[in-house]
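Student: The following block contains the structure, expressed as structure tokens.
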Amino acid sequence: MKRFFRFLRFILTVLFGAVTAGVLLIAAVYLYLAPNLPSIESLKEIQLQVPLRVYTTDGLLMAEFGEKRRTPVKYADVPEQMSNAFLAAEDDRFFSHPGVDYHGLLRAALHLIRTGEKGQGGSTITMQVARNFFLTREKTFLRKFNEIFLALKIERELSKQEILELYFNKIYLGHRSYGVQAAAQVYYGKTIDALSLAQTAMIAGLPKAPSRYNPIVSPERALSRRDYVLGRMIKLGFISDDEYMQAREESITAKWHGLMVEVEAPYVAEMVRADMVRRYSDDAYTAGYRVVTTIDSEQQQAARHALRNALIEYDRRHGYRGSSRRIVVEAEDIMSADSHQLNELDEILKAISVVGGLRPAVVTSVQEHEARVYLGGIEEALLGWESLKWARPFISDTQRGPKPKVASEILQPGDIVYLQETGDEQHWRLAQVPTVAGALVAVKPEDGAITALVGGFDFSLSKFNRVVQAHRQPGSNFKPFIYSAALNRGYTTATLINDAPVVFEDPALENTWRPENYSGKFFGPTRLREALIKSRNLVSIRLLRAIGVKYAINYASRFGFPDTALPRNLSLALGSGSVTPLQLASAYTAFANGGFKVESHFISRIESSNGEILYQANPLTACIPCEKDLVEGVLASDVGQPVQPPDTGHIVDASIDVSGALPEENELNDQIPPRLAERILDPQNVYLTYSLMRDVINRGTGRKAKKLGRSDLAGKTGTTNDQRDAWFSGFNADLVTTAWVGFDQVRSLGNRETGGRAALPMWIEFMGKALKGKPEAPLEQPPGLVTVKIDPKTGQLADSRTPNAIFEIFRSGRIPKILTEGDKSRSPDGVSGSKQSVPEQIF
């Protein structure tokens, strides 16, 4: 018995010594590691890496930029079912242990003793939080001790709910998704409160091994893991037997869900991204900034559709270039083909991107006047003759082959083609990705806010943003600025200019210049109104020569055109300068808002991740009631030096920096004083120019726009030499829109591809949708203008004997007189009257 007690005492002594040594070892390790443990205060102030998100003005998501997909959630917003699923899968004793599960640690120690290898075990949710925020995932004793001590420290300073909130937002769950909300979107396209029990259990099973148990990549392993989580949930009493059985019977519904972009505006989104990187460097991608743009979602969608339809229609007018590829199709009736061939076709079509809404398809059979195509995913379509007969062979931009008589002249089985959805009973139509480019931008004339912007047919096809990067000749789209300059010099809308052949020996043009009208015809003495309506080139040139090139350039600079982009010769009258579509649309806003210079901008507000307003746009605003110091008919800016143009190398985004102590948003907006735009045109000039451009639509080169059934619209077509560029810019008092069509590598668009044919349809489709249901918004006629009857042949005041007299608008001090025989004499240079008196007639 004594021997037994001695042995027992020895064992107890050894155990006590071992425990003492262990405690001393742990204490020593703690004392060694404790000084280097991070402060838990940093957890309370942790800045999760949240991507940059870009929204329309009405709150719809346009884009997201950042490596990690994460949408932070509050603990209170996490459904109890999801919380229970993670506890069942990862740490069912979470609410009872102090941050370290000693049972789990004992299991890990026994595993080490039995196998001599380190293994997993005892990693609580708190320890995972410690590892995810502060430590690496390497399996070393030192890291494990750090993890344990840090977990204990976290538990002392944070509540269980705060720890779970950090965990739910930080945990990596595969496919670039960090946090439960991002995972719900990636795998199911839902928010966490919309997930089923089976889907919740699937996500809860991912932290153990996101790649191994990924339901998209490894559905069988993921199903096994999901069922394990469900089993744990029923064992712990989190769900009932019925809920368990129903969830187990649910099949895997996970699939890759890309970003939930609600409005497609990649060109604008890229402009925002570049601007944010300029402001905040690389923090732009991780700090969770929320940018609200000026883009209107409905107008943006209308702009995208209008541009794509216009470019596709242009492309159809110039012939079919044939399929880009041909494969072997073994069965004519593809739906009866074996699954192997269907899978092969599906893989081929998946590898071909949808471009500009055009879907790829493979031709499976061709009959006399129809063709059957397979679009993938067990979907096929029949293309009737109406969908095919347009496809005359493309020869060049100016020439097409003969009209096809049968479908086999267009398509062959195995051809890879693109289809356009038509929205009618045909449903699909043969199409092709256009080689021509285009741009459309809409601007709010009141303050320069860009409400819609499309920089090309498809961003994935070309990231070149033609709205702000394409510097092209505006052609006749520039003429309204020349005519406005002439009206400012005293000319009237009834002034006669001789539309006749002219030859210029201009040193600035290097050789003899013989300009012509588009039609090649000459029409003699022409009133300015008729000249702009019919876009007469020779009249514009003579008018520019009369007012002076230098004056015209200075005048145009008021509208924001860089004077360095404008030629210092008479070709300026035909729009030979270099402008972007946005510069042109911005310049037209002065005609739409009553004569004020506003600045184009696309960012309305920037918010931090916690909703603080860091930037609030405060753009220059046109305000007729607010203006002062305007002498009737003459601007203060007209006296002395001409108005200097702003630096238009970049879009100006006027703002107020509101970082720091921030009041509520509504209070903030009330505190921002409005910035009043400078008047650059007098009201009479604005209205006269508006009336000229309104007649362009009523009876001139833009008359196709009359189909919109509105009387408040004004605009101007533009076509450059050899139809290299086609333009239309138009507006009412609420919206200015510019549309452009041309090739990136400058060449002719082809015969008769004028602004009225190539660009105007895009403008019409967009404005029809943008202004649908909105009341007419014409410019109001200001004081100082009168309407009188004139002789259309002479431009002079009509009397009771004048045949075919018409009404015309004049400044009250510029009303013409009745022409007498003595007035019919002309000076040698074709200008009646002295240089001090403004001419009414020029020949």
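Student: Applying the selection to segment 378-389, what residues are buried (at least 18 other Cβ atoms within 10 Å of the Cβ) and over 22 Å from Leu342 (Cβ atoms)?
Tutor: Ser387, Leu388 - these are the residues of segment 378-389 that are buried (at least 18 other Cβ atoms within 10 Å of the Cβ) and over 22 Å from Leu342 (Cβ atoms).
Student: How do the pairs read when you match residues in segment 146-164 that are more than 12 Å from Val129 (Cα to Cα) with residues anywhere that are modelled with pLDDT of 90 or more and open to solvent by 30 Å² or more (accessible area, probe 1.4 Å), using Cβ under 9 Å and keeping only pairs 6 or more apart or on different chains?
Tutor: Within 9 Å, the pairs are Gln161/Tyr75; Gln161/Ala76.
Student: Taking the criterion of being at pLDDT below 95 and over 31 Å from the mean Cα position of the chain (by Cα), would at least one residue in segment 414-422 satisfy it?
Tutor: Checking segment 414-422: at least one residue is at pLDDT below 95 and over 31 Å from the mean Cα position of the chain (by Cα).
Student: Could we say that Pro619 is within 19 Å of Ala485 (Cβ to Cβ) and out of contact with any helix residue (DSSP H, G or I) (no Cβ under 7 Å at 6 or more places or on another chain) here?
Tutor: no
Student: Before we move on, is Asp193 closer than 21 Å to Tyr75 by Cα and open to solvent by 20 Å² or more (accessible area, probe 1.4 Å)?
Tutor: yes
Student: Output the residues belonging to segment 342-377 that are crowded, with 16+ Cβ neighbours inside 10 Å and among the polar types (S, T, N, Q).
Tutor: Answer for segment 342-377, where residues must be crowded, with 16+ Cβ neighbours inside 10 Å and among the polar types (S, T, N, Q): Thr364, Ser365.
Student: Within segment 252-261, which residues are surrounded by 14 or more Cβ atoms within 10 Å (Cβ to Cβ) and touching a Gly at 6+ places or on another chain (Cβ under 9 Å)?
Tutor: Within segment 252-261, His257 is the sole residue that qualifies.
Student: Taking the residues in segment 427-453 that are open to solvent by less than 10 Å² (accessible area, probe 1.4 Å), more than 23 Å from Val417 (Cα to Cα) and of a type in the set (Val, Ile, Thr) as candidates, determine which candidate is farthest from the chain's Cα centre (by Cα).
Tutor: Val443
Student: Quick one: in segment 390-420, of everything that is of a type in the set (Ser, Thr, Tyr) and either open to solvent by less than 40 Å² (accessible area, probe 1.4 Å) or outside any loop (DSSP other than H, G, I, E, B) (or both), which residue is nearest to Arg359 (Cα to Cα)?
Tutor: Residue satisfying both the conditions and the ranking: Tyr418.
Student: Moving on to the next point. Looking for something at pLDDT below 90 and open to solvent by less than 90 Å² (accessible area, probe 1.4 Å) - is there at least one such residue anywhere in segment 772-783?
Tutor: No: segment 772-783 contains no residue that is at pLDDT below 90 and open to solvent by less than 90 Å² (accessible area, probe 1.4 Å).
Student: Another question, if that's okay. Tell me which helices (runs of 4 or more DSSP H) are completely within segment 503-570 and hold 1 or more residues being open to solvent by less than 10 Å² (accessible area, probe 1.4 Å) and more than 29 Å from Arg757 (Cβ to Cβ), or say none if there are none.
Tutor: Fully inside segment 503-570 and qualifying: 537-547, 549-557.
Student: Considering only segment 527-552, how many residues are among the hydroxyl-bearing types (Ser, Thr, Tyr) and out of contact with any Leu (no Cβ under 7 Å at 6 or more places or on another chain)?
Tutor: Qualifying residue count, segment 527-552: 2.
Student: Which residues, counting only those in segment 705-714, are more than 15 Å from Ala758 (Cα to Cα) and not in a loop (DSSP other than H, G, I, E, B)?
Tutor: Lys706, Lys707, Leu708, Ala714, listed by residue number.
Student: Restricting attention to segment 198-233, report how many residues are aliphatic (A, V, I, L, M), open to solvent by 20 Å² or more (accessible area, probe 1.4 Å) and closer than 22 Å to Thr71 by Cβ.
Tutor: So the count comes out to 1.
Student: State the number of residues belonging to segment 589-627 that are part of a loop (DSSP other than H, G, I, E, B) and buried (at least 19 other Cβ atoms within 10 Å of the Cβ).
Tutor: Number of matching residues: 9.
A quick yes/no check of all residues on (1) open to solvent by 40 Å² or more (accessible area, probe 1.4 Å); (2) modelled with pLDDT of 95 or more:
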{"residue": "Ala714", "(1), (2)": "no, yes"}
{"residue": "Ser729", "(1), (2)": "no, yes"}
{"residue": "Val741", "(1), (2)": "no, yes"}
{"residue": "Gly755", "(1), (2)": "no, yes"}
{"residue": "Thr794", "(1), (2)": "no, no"}
{"residue": "Leu797", "(1), (2)": "yes, no"}
{"residue": "Thr802", "(1), (2)": "no, no"}
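Student: Something else now. Just one of the numbered conditions (1) part of a helix (DSSP H, G or I); (2) modelled with pLDDT under 95; (3) within 30 Å of Val292 (Cα to Cα) is not true of Ser460; which one?
Tutor: Of the numbered conditions (1) part of a helix (DSSP H, G or I); (2) modelled with pLDDT under 95; (3) within 30 Å of Val292 (Cα to Cα), the odd one out for Ser460 is (1).
Student: Return yes when Val73 is open to solvent by less than 50 Å² (accessible area, probe 1.4 Å), at pLDDT 75 or above, closer than 30 Å to Tyr280 by Cβ and not charged (D, E, K, R) and no when it is not.
Tutor: Yes: the conditions hold for Val73.
Student: Restricted to segment 187-220, and to residues that are under 26 Å from Met127 (Cα atoms) and of a type in the set (D, E, K, R), which residue is modelled with the lowest pLDDT?
Tutor: The selected residue is Lys208.
Student: Is segment 293-309 home to any residue that is in a helix (DSSP H, G or I), within 30 Å of Lys403 (Cα to Cα) and aliphatic (A, V, I, L, M)?
Tutor: Among the residues of segment 293-309, at least one is in a helix (DSSP H, G or I), within 30 Å of Lys403 (Cα to Cα) and aliphatic (A, V, I, L, M), which makes the answer yes.
Student: Could I ask something else about it? Which pairs do you get when a residue that is assigned to a loop (DSSP other than H, G, I, E, B) and surrounded by fewer than 24 Cβ atoms within 10 Å (Cβ to Cβ), found in segment 571-588, comes within reach of a residue that is modelled with pLDDT of 95 or more and among the polar types (S, T, N, Q), reach meaning Cβ atoms under 6 angstrom, with the pair 6+ apart or on two chains?
Tutor: Here the result reads Ser576/Gln473, each pair linking segment 571-588 to a residue that is modelled with pLDDT of 95 or more and among the polar types (S, T, N, Q).
The values are calculated or read from the model by the stated rules, or taken from the named source; none is laboratory data. Remember, it's a predicted structure, so these values are computed and weren't measured experimentally. Every residue, glycine as well, gets a Cβ built from its backbone with ideal geometry; the counts of neighbours run over all protein chains shown. What goes into the accessible areas is simple: the full protein's heavy atoms, side chains included, and nothing from ligands, DNA or RNA. Shrake-Rupley method; radii C 1.70, N 1.55, O 1.52, S 1.80 Å.
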